[in-house]
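Undergrad: One structure follows; several queries about it will come next.
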Amino acid sequence: MSNKINEIQKVCKELGVECVIISKKDSIDIIDQVFKTFKVLKKSGHLAINSSDAISIPAEKNEYTYSANLDSEPVYIFFDQENNDRNQVVLIEDGRRMGAIMENSFGIEYFITNVNFNYLLAINWYSIEGVGSAVNWMKNLIEEE
């Protein structure tokens, strides 16, 4: 298990957030489905969706608060796919808790999607890029600025 997975698991335990580490086989299937569904081009380095359908908001103002806009539903989180974090997925019980989890973790770039694959978010040091159903609430955040 990678340091990032261990960190997520530790923070979830501290915050009382249920999380489950997905098996490697299922993780590979989930990641493949997400990348095919959303045609992700930047799977390592500064993670990004790079789609004409995607919208971006600055991470600096939103990295710990964006998740308040997510539905109260389980989400998958996974990381850079070209290092020791590849092919590993964690299921978080409530996507709205992601901001708190990340606020209490060391800096991590990651992807997040719900279990129905209705949206994908790529969070890196500079921006939060979203596609799918996340675009609507992200547009509202831009309008509020």
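Undergrad: Does ASN83 count as over 14 Å from the mean Cα position of the chain (by Cα), at pLDDT 90 or above and of a type outside the set (Asp, Glu)?
TA: no
Undergrad: Let me ask another. Out of GLU109, GLU93, GLU82, GLU63, report the one residue that is closer than 24 Å to GLU144 by Cα and either touching a residue at least 12 places away in the same chain (Cβ under 8 Å) or hydroxyl-bearing (Ser, Thr, Tyr) (or both).
TA: None of the others qualify; the one that does is GLU63.
Undergrad: Applying the selection to the stretch 1-49, what residues are without any contact (Cβ under 8 Å) to a residue 24 or more places away in the chain and in a loop (DSSP other than H, G, I, E, B)?
TA: Scanning the stretch 1-49 gives GLY16, SER23, LYS39, LEU41.
Undergrad: Please give the number of the condition GLY130 fails out of (1) of a type in the set (Gly, Ala, Ser); (2) outside any helix (DSSP H, G or I); (3) surrounded by fewer than 16 Cβ atoms within 10 Å (Cβ to Cβ).
TA: All conditions pass for GLY130, except number (3).
Undergrad: A follow-up question, please. With the requirement that a residue be surrounded by 14 or more Cβ atoms within 10 Å (Cβ to Cβ) and polar (S, T, N, Q), what does the stretch 1-43 give you?
TA: Answer for the stretch 1-43, where residues must be surrounded by 14 or more Cβ atoms within 10 Å (Cβ to Cβ) and polar (S, T, N, Q): SER2, GLN9, SER27, THR37.
The values are calculated or read from the model by the stated rules, or taken from the named source; none is laboratory data. Small disclaimer: the values here were computed from a predicted structure and weren't measured. With ideal geometry, Cβ positions are generated from the backbone for all residues, glycine too; neighbour counts draw on all protein chains shown.
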